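These notes are about the structure you will find just below.
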């Protein structure tokens, strides 16, 4: 079984992707400071609305295909799904990973040898409930002892986020929390919830915005009380001493690889294959399956 082609798929960047295209690095000192202090930062208007609308088309096509087969989508709570995809299922892949802000933030935080290890999306549908407060994986030793960030998650909303659509909620500054009773190293005890709720900030990104966050910062998806889905793209990057690639199975075809700019190939950490096959999701987070009580 091969991966369905994305309409008009191309390995070349969209000329309308960013309002002010440039190859030059951008100043990100404030973003780095925000990632270390709050655990999240963002850039408004990184992409055009037209680019994001194409992104949504690609996500919807991949979501439909994934839900048509066993293991194509993994539950992250009632009416909430995660799907990992191959880079060439996204027409704007090069625009995304080679965006000057993405490159500059990644280099400043993770170093020049950062690796692209994950591409996927979350989709909270109508009826999605509050998730338990969590981080995406247990805190690594270097974060625990050195307070050093070794991975980043970039998020791009595919829709304009309204308050009733189950916005993302994050507790700034909690990326260094290291309680011994975190279940699976990821889920804080419920007695800690009042603290996270007091710290919590809800995010309402609009089409074109992109954020970068430390996946260790305690966060959750909230209840979607609308009739609309809220798809969000996830791009995961690792520094040289992180191991998150082990959780993911993305690959690229040889033809796609040959068409990528060298600057992108230098960071793309996945197999190059003769024929792509659909991904069976393995990044399951058991504690999210039921949602918060």
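The values are calculated or read from the model by the stated rules, or taken from the named source; none is laboratory data. Since this is a predicted model, take the numbers as computed values, not measurements. All Cβ positions, glycine included, derive from the backbone under ideal geometry; neighbour counts span all protein chains shown.
Of everything in the stretch 141-160 that is in a loop (DSSP other than H, G, I, E, B) and in contact with a strand residue (DSSP E or B) (Cβ under 8 Å, 6 or more places away or on another chain), the residue that is nearest to residue 62 (Cα to Cα) is 158. Between 42, 37, the distinction of being touching a strand residue (DSSP E or B) at 6+ places or on another chain (Cβ under 8 Å) and either in contact (Cβ under 8 Å) with a residue 40 or more places away in the chain or farther than 16 Å from residue 123 by Cα (or both) belongs to 42 only. For the stretch 180-200, the criterion of being part of a loop (DSSP other than H, G, I, E, B) and within 24 Å of residue 63 (Cα to Cα) is met by none of the residues. Among (1) over 16 Å from the mean Cα position of the chain (by Cα); (2) closer than 14 Å to residue 120 by Cα; (3) modelled with pLDDT under 90, there is one condition residue 279 misses while meeting the rest; what is its number? (3) is the only condition that residue 279 fails. In the stretch 46-81, the qualifying residues are those that are crowded, with 21+ Cβ neighbours inside 10 Å, touching a strand residue (DSSP E or B) at 6+ places or on another chain (Cβ under 6 Å) and under 19 Å from residue 153 (Cα atoms), and the one that is modelled with the lowest pLDDT is 76.
If the requirement is being free of Cβ contacts under 8 Å to residues at least 40 places away in the same chain, in contact with a strand residue (DSSP E or B) (Cβ under 9 Å, 6 or more places away or on another chain) and within 15 Å of residue 86 (Cα to Cα), which of these qualifies: 272, 252?
Exactly one of 272, 252 is free of Cβ contacts under 8 Å to residues at least 40 places away in the same chain, in contact with a strand residue (DSSP E or B) (Cβ under 9 Å, 6 or more places away or on another chain) and within 15 Å of residue 86 (Cα to Cα), namely 272.
Note on the stretch 115-169: residues that are surrounded by fewer than 20 Cβ atoms within 10 Å (Cβ to Cβ), within 29 Å of residue 88 (Cβ to Cβ) and in contact with a helix residue (DSSP H, G or I) (Cβ under 8 Å, 6 or more places away or on another chain) total 2.
Residues are listed down the side, and each one gets a yes or a no for (1) modelled with pLDDT of 95 or more; (2) more than 27 Å from residue 187 (Cα to Cα); (3) part of a loop (DSSP other than H, G, I, E, B); (4) under 19 Å from the mean Cα position of the chain (by Cα):
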| residue | (1), (2), (3), (4) |
| --- | --- |
| 2 | no, yes, yes, no |
| 17 | no, yes, yes, yes |
| 91 | yes, yes, yes, yes |
| 94 | yes, yes, no, yes |
| 101 | yes, yes, no, yes |
| 107 | yes, yes, no, yes |
| 113 | yes, yes, yes, no |
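Of the residues making up the stretch 130-138, not a single one is farther than 21 Å from residue 178 by Cα, over 14 Å from the mean Cα position of the chain (by Cα), in a helix (DSSP H, G or I) and at pLDDT 95 or above. Only one of the numbered conditions (1) within 14 Å of residue 118 (Cβ to Cβ); (2) at pLDDT 95 or above is not met by residue 269, and that is (2).
Is at least one residue of the stretch 186-208 without any contact (Cβ under 8 Å) to a residue 40 or more places away in the chain, within 26 Å of residue 51 (Cβ to Cβ) and more than 16 Å from the chain's Cα centre (by Cα)? Yes, that holds for at least one residue.
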